[in-house]
Every structure is written in structure tokens, then in C-alpha cells.
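Trainee: Right, I'll just put the structure down here and ask away after.
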Amino acid sequence: MTDQDPLAVPYRERERSVTMERMGDQPVSGTDALLEDERHEELFTLNIGPHHPATHGVLRLLTTLEGEVVRDIKPIVGYVHTGIEKSCEDQQYWKVITFVERMDYLAYYFNATAYCMSVERLLDEEVPPRAQYLRVIHMELNRIASHLFALATGALDLGAITMLWWGCRDRDLVLDLFEMSSGQRMHPRYIQVGGVFEDIPPGWEKKVREFLAIMPTRLDQYEDLLDRNEIWLERLKGTGVISQERALELGVTGPLLRATGHPWDLRKAMPYSSYEQFEFDVPVGHFGDNYDRFKVRMDEMRESLKIVEQGLDGLPEGRYITSNRKVALPPRHELATSMEALIHHFKLVTEGFRVPPGETYVAIESPRGELGCYVLADGSAKPARLHMRDPSFVNLQSLPDMARDSLIADFIACVAMLDPILGGIDR
Amino acid sequence: MLTTRLDKVLNWGRANAIFPATFGLACCAIEMMSVVSPRYDIARFGAEAMRASPRQADMLILSGRVSIKMAPVVRRLYDQMLEPKWVVSMGACSSSGGMFSNYAVVQGADKFLPVDVYVPGCPPRPEALIYGIMKLQDKIMGDKAMGWRERYQAEGTGEVEPGIA
Amino acid sequence: MPDATGLELIAQRIRSSLGDEAVTGTSYSRGQATLDVAPAAVYDVLAYLSKGDEEPWRRLMSLHGVDYLPAEPRFGVHYQLLSMERCDRLNVRTRIGGDEPHLPTVIDLFPTVDYQEREVYDMFGVVFDGHPDMRRILLPEDYTGYPQRRDFPMGGEPVLFTFNENQYPRWYD
Ligand code: SF4
């Protein structure tokens, strides 16, 4: 709170004037009053978590407090460490997809795409355009669902429980679409090496268009609900500020970086999966405070809706998975008539495909930032090493910078708008 | 005669006003949160009052994978809950370790605390969790032994506190 | 990605300013440019690439530890550099052997590696000298062993089927 524009924090000023009886032309800092008073100079350490409602999942934070002012935060992670990377080394390439989906459990399509793209690069495999479009459509729907849930739980942390109901209601609409195209609400394992698992079912497109028609109104409703709510505005505006230079130094990506005004978006900067054929804007913020993060997420959902619509309009005809039988399963009906197809099927299911030795790193833009997948292949049917660069893991490092010298209540807002996914952090 | 009736009334009350502790561990927690959302609405079964503190809750929904780092914490929270208490293990991971058979995951939460209802799935659909909670309600209504140590014949397994013993 | 020629030019520039031993090789495969660097020179090379070079790589996006077990030297650490101006990536790789490998930390060049170096230490036991807080990050503090080394057992429990259920003790035994 120290280095802020005094005009940006009227609520704090008022609050301070009430609680500390400091009116008039004192500098606004919120902390100097405490410092003057000898009794408050004591620091004490408060443990928040790992089981705490306001830390999304099992994040543990060791906070050093001075009165109600946070002086330092040490995040302690690892409570959901699942050893997924180690488990993947024991699985065939096509089974690994199931595992990587469970890392960042709100962005499962992104995890699977990042992994499949890196394996495809190692195999030098072309993905048919229809599969690329289907991936884009699903990823953008997933981005909407993820942002909605982040918003819902974030608002819940700040006491706006209506947003939780509404966010879950509309997230269920997206999950219904996933269920229709792949059979599961979460972790659908829809994206395959070489394409996608199945073509979209008849009637899916109509459902998506219905969703696209509803969603803008719903987003407007959220803005009405939150954006005109004095409590919401006062708690978000001007809190958790992080400068653009510091964010870049800390490797922060995604909406957090864009909220500081840096238009870095891998979908635009290094297009993959035919994102270059889509027209969309990259929303950015101005100050890098919590309110900008909220705004950037809201606008990103609108942009995602645009992308989904363009994807449906321009969905190319053709195969949904590569025709290379060494990588993709043959169609079901061929198994009854073709011996060759049967052999391929048997080899793929029992042994999996082999990947030539090499290593690669592929990064895509997940709802939380750069999601990179590093795969080391040693020529066998199992990856020798798989590492995910998870955006939440890196973004979490910026939490101490955001929350230092602010009140506890603001730091809760920081965690809410940081949107860390512990499954992604710990893997 | 009177005591059995009273028991019935008490159990009926307990079963229809379960206070779950929010305890999200991983992916399943997301589905657990959708259970309270308007479409599934667990309030129909009287279990919507999610409590953040274990001392105010009587049902622990273990939703997600329990890692070796988390297991002591879970056990501690369970010990802090007041009797009578029940545990629902949600998802393949907390029921059996699921697909993560490796160094980091406890292979089933029943290794370190008694579990009343297992809900399979990865993740289970919200309907499945609601069904599990309904099963638990049946169990509560028909069950006389309210302390879990009696229920599972586990007397004498309490932590020995040096000051007391 | 810089193409093969661009990679050679980068390597030449590093060699001319830091000496011949700094860069041990280059490889360009599948669109990814990799610069092999001697472990002793990692800090200097990264400092040069991030600040001194005419085409600087200002951001480090990811740091992976790798265990190439049968091969020697055994461990590898990858630094994925990114240039946001040129939308380009460069991979700097170093190989270290031994049971307790050491590398200099680069936390003062790239503050973002704080957690990632700790993760590599946690999983592979690579100690980054000079890191202010070199502790385990994901596993419990009292854990022994470095689980993502290739020779660390997977752990877990075998699945019981009818053919092997008599071979393993059950929980009630
Ligand atoms: S059972 Fe499946 S969905 Fe649930 S925590 Fe485990 S991996 Fe995640």
C-alpha cells in the first residue's frame, strides 16, 4: 500500500480515518501509523493452510504479520505432489495423455495438447486441419470454463457467493458440451497424438452455437453483478499491484502479465495449432492490480467465444486424426475386414508406438500462462523424461511481491485473482 | 424402549443435516464444488452447509489424491472433528491410489483413517457423490454405534498423549 | 527458433568473448536449437546471452532437470531462453555427472528460477550453489532420495489380481 496513488484508495483512507483517527493531510500509506506505535512493531508468524478455504486447494502460506499488515509470505507447496512426471516414464506414449491431463485439472485440454504437440514434433507428424480446428474449439471452451471457475471461486473468497452459483451454472453448460463430444465432464482424453479421438457428434455444433448465443448475456450479467459492486471494486482496485518489469523478471505469464499491460500471448506471438487463422484480440490491463486481472479474464472469455464461433464457421472437412497407422488407431469398422488394420491395432494397443530419440520443448498458452511440455525420447515406447512447465508454479512466485505490505484482506484478494491451481503447481 | 426411539430421532436428525467439511485436494474437489451448484444442489439432501473448520463438521469428503506430505495433515484434521463423524472417500485416488501407483501417493486413504463410503470414478460425477452421501445417510439412520472406534472395532488406537497416560 | 546458421553464429560469438571451452557443441533438431555448454561456464554463458549479446535472450521460461541414465555424464539441466522481441526460443543445455552434482545458480540473472531450481534439486539432487533457499520444495523436508532419477524405484503398490493375490501380504495380515 505504500507506493500507491493516494486517490486510488479512497476506501482505505476512509477506513483508516475511522479506525485510527487520522484525518486530514497525512500521507496515505496505511502502515506508517502502525510503525509509529511501539507496541505494533512486533512481528509474528501466522500459518495459513494447507487446509484453508481461501487458498485454492491445499496451498500453505507462512505469513509474517505486523499487526494486520503482511510483511512477508512464504508459499509452501507440495501437498498434492503426485509424482505424475515419474509415473509418465512408466507408461506408453498414448497412455501418458491420461496422466498429464490430471496435472492442471482445470485446463485438461491444454495439458493434453501441449503433450501431444511435443510428441508430434518428435515424430514429425502432421495434424490434419480439421483436428487442429477441433483442438482450438475445445481449448477455447476449456478456457472459458477455467476462467469461469477461477472467477467463481475468487468471488467466493471475497464473499460474493452468488458468483459461485452462477459461475458453476454456466461452467456446467461447457462441461455438457465436453461430455457430448468425448463422454466425460473432466479429463476427457479427447486429444490424441496426431489429432483428436473422435469426430464431433451430430448436433454438437448446434449445441455449441446455442451456448455461444447465451454466453455473452451471461457475461454481461456477471459484470453487472460484480463490476458495479462497491465492495468488489474497493477490494480489487489498487491492491496486489505488481510492475510489468518485475512480472517479467519473475517469469509471470498469462492474464497476470497481460494485466500489467504487456500483450504477450503465445497464441499471437508464436501461433500453433492454426491459431494464426483466427481473428481475436489480446486484452491487456493498465496497472497490474487485481481489478485488471479480473477484467482481463472477463475480456478473454469474450475473445474465446469469438474464436469458437470462427472455428465452427470455418471447420474444414477431412480427417480428424492423422492417417498414419503407426500412430493412430485404425477405424473400428476396418478391424473386421482387414488383417493389416488388426495387426496395427494390436501393436498400438499392446506395445504403443515408438518415438525416435530426441528432445523437445513445446509451449502453448493455457488459461494461466505459458504451459510448456518437455519430452525426452530414447527410442522406446515410453518417454524417458517428461516435464511440464506449469504456469501456476511460476506465477505463484509473484505472490510475495504482490501481497507485501498490504492488509490480510487484500492478500486474500491477491490469491483469489492469482488463480493458482495446486494440481499444476505440485504435479 | 424410549432410548431406541430417541436414538432413531437423533439419527434421523444427524442423517438429514450433515455438515460436510470442505476438503478439496485435487481434481475431485472441483466436482465436489459443483455438487453445491444449482444444477446438482446438495441442499435437497440437507448437506449443503460446507464448514471450513473441522470442528464444526461431521462429514469429511476426501476429494482427491492424498500425497505422503498431506496424509498427516488429513489425519490431524480428522482427529479434530467431533464424534460422531463419517468419511466419504471420493474418487479413485483417495479410495485406492487410483492410477498413481508411485512414490508420492498414499495408496488409499483407508490406510490411515476409517472410510465409510467409497465413491468410485475419476472424477465421479456429482450425481455419484450425491448417491454416496445418500448411502451414508442410510448408514447413519441404521447405525447405532456412533463412535468410529466402536464402529470399526478399533478401540485402543488413539494417540497416546504423554501428559495424560 | 534461430536456424542452424544462426545457432552457429551465437556459438561463435560466445566463444570469441568467453573462450573456446565455454560452448562444447550445438545441435539443431526438429526446429529446436540447443547450445551445449560446459557446466563451469553456465553462469557466464547465460549472463552473456541475457545481457551482453547483440541479440539478447532476456527471459528464461523454463528450467528442466533430466536424467540420461545410461549415458555419461548423467544429469542434464536445460535452460529454455526466450526473446519476447524476436518471438524466439533457445535451449541451453549442460551435462553434469557424479552423484552429487553442483551447478552455479542463475537466480540473480533470472529471478524466476527460484522455485524451478529448488524443484530440480528436489527431484534430481542437483545442488545449485549460491541459491538462497536450497531446500526441498515438493516433497516433505525429511524425505530421502531423489525420486525422479531413473534408478529410483517407482514405488506404489502392485495391483492384486487372482493370479498374484497370494504373493503379497494383505493389510490385515
Ligand atoms: S480420482 Fe481422478 S479426478 Fe479424482 S483426484 Fe484422482 S486423478 Fe483427480
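Trainee: Restricting to region A:163-218, name every residue that is closer than 30 Å to A:V375 by Cα, assigned to a loop (DSSP other than H, G, I, E, B) and more than 10 Å from chain B (Cβ to nearest Cβ).
Mentor: A:G183, A:P188, A:R189, A:Y190, A:V193, A:G194, A:F197, A:E198, A:D199, A:I200
Trainee: Next up: When you look at B:V119, is it more than 14 Å from the ligand (Cβ to nearest atom), buried (at least 20 other Cβ atoms within 10 Å of the Cβ), modelled with pLDDT of 85 or more and away from chain C (no Cβ under 14 Å), yes or no?
Mentor: For B:V119, the condition - more than 14 Å from the ligand (Cβ to nearest atom), buried (at least 20 other Cβ atoms within 10 Å of the Cβ), modelled with pLDDT of 85 or more and away from chain C (no Cβ under 14 Å) - is not met.
Trainee: Check off (1) surrounded by fewer than 17 Cβ atoms within 10 Å (Cβ to Cβ); (2) within 21 Å of A:E120 (Cβ to Cβ) for A:I343 and give me the number that stays unchecked.
Mentor: Going through (1) surrounded by fewer than 17 Cβ atoms within 10 Å (Cβ to Cβ); (2) within 21 Å of A:E120 (Cβ to Cβ) one by one, A:I343 breaks only (2).
Trainee: Further question on the same structure: Sort out which residues of region C:79-98 are assigned to a strand (DSSP E or B) and more than 7 Å from chain A (Cβ to nearest Cβ), and write them in order of number. Before the answer, list the steps.
Mentor: First, pick out the residues of region C:79-98 that are assigned to a strand (DSSP E or B): C:79-83, C:88-96.
Listed by number, the residues that qualify are C:Y79, C:L81, C:L82, C:S83, C:D88, C:R89, C:L90, C:V92, C:R93, C:T94, C:R95, C:I96.
Trainee: Tell me which residues, restricted to region A:44-59, are more than 9 Å from every other protein chain (Cβ to nearest Cβ) and at pLDDT 80 or above.
Mentor: Selection gives A:F44, A:T45, A:L46, A:N47, A:I48, A:L59.
Trainee: What's the number of the only condition in (1) more than 30 Å from C:L49 (Cβ to Cβ); (2) touching a residue at least 40 places away in the same chain (Cβ under 8 Å); (3) within 8 Å of another protein chain (Cβ to nearest Cβ) that C:R150 fails to meet?
Mentor: C:R150 satisfies every listed condition except (1).
Trainee: Which members of region C:9-22 meet the condition of being of a type in the set (V, I, T) and either closer than 27 Å to A:D124 by Cβ or surrounded by fewer than 18 Cβ atoms within 10 Å (Cβ to Cβ) (or both)?
Mentor: Across region C:9-22, the qualifying residue is only C:I10.
Trainee: Can you pull out every residue in region A:109-126 that is surrounded by fewer than 24 Cβ atoms within 10 Å (Cβ to Cβ) and either more than 13 Å from every other protein chain (Cβ to nearest Cβ) or not aliphatic (A, V, I, L, M) (or both)?
Mentor: A:E120, A:R121, A:D124, A:E125, A:E126
Trainee: Additional query: Going residue by residue through region B:38-51, is there one that turns out to be within 26 Å of B:Q107 (Cα to Cα), surrounded by 13 or more Cβ atoms within 10 Å (Cβ to Cβ) and within 10 Å of chain A (Cβ to nearest Cβ)?
Mentor: Looking through region B:38-51, none of the residues is within 26 Å of B:Q107 (Cα to Cα), surrounded by 13 or more Cβ atoms within 10 Å (Cβ to Cβ) and within 10 Å of chain A (Cβ to nearest Cβ).
Trainee: Are any of the residues in region A:101-108 within 14 Å of chain B (Cβ to nearest Cβ), in contact with an Asp or Glu (Cβ under 9 Å, 6 or more places away or on another chain) and either away from the ligand (no atom under 16 Å from the Cβ) or among the charged types (D, E, K, R) (or both)?
Mentor: The answer is yes, given that some residue of region A:101-108 is within 14 Å of chain B (Cβ to nearest Cβ), in contact with an Asp or Glu (Cβ under 9 Å, 6 or more places away or on another chain) and either away from the ligand (no atom under 16 Å from the Cβ) or among the charged types (D, E, K, R) (or both).
Trainee: In region B:1-115, which helices (runs of 4 or more DSSP H) lie fully inside it and hold 2 or more residues that are touching a strand residue (DSSP E or B) at 6+ places or on another chain (Cβ under 8 Å) and away from the ligand (no atom under 16 Å from the Cβ)?
Mentor: B:71-80
Trainee: Only one of these is out of contact with any His (no Cβ under 9 Å at 6 or more places or on another chain) and farther than 27 Å from B:V105 by Cβ: C:P158, C:P101, C:P147. Name it.
Mentor: None of the others qualify; the one that does is C:P101.
Trainee: Something else now. Would you point out which residue out of A:I97, A:I84 is more than 10 Å from chain B (Cβ to nearest Cβ) and within 14 Å of the ligand (Cβ to nearest atom)?
Mentor: Sole residue among the options that is more than 10 Å from chain B (Cβ to nearest Cβ) and within 14 Å of the ligand (Cβ to nearest atom): A:I97.
Trainee: Just to be sure before I move on: is A:Y79 under 18 Å from A:L175 (Cβ atoms), within 16 Å of the ligand (Cβ to nearest atom) and within 10 Å of chain B (Cβ to nearest Cβ) in the structure I sent?
Mentor: Answer is no for this residue.
Trainee: Still on this structure: Any residue in region A:225-234 that is within 11 Å of chain C (Cβ to nearest Cβ) and assigned to a loop (DSSP other than H, G, I, E, B)?
Mentor: Checking region A:225-234: not a single residue is within 11 Å of chain C (Cβ to nearest Cβ) and assigned to a loop (DSSP other than H, G, I, E, B).
The values are calculated or read from the model by the stated rules, or taken from the named source; none is laboratory data. In this text the structure is predicted, and so the values were computed from the model without any measurement. Counting neighbours? That spans all protein chains shown, and the Cβs are built from the backbone with ideal geometry, glycine included.
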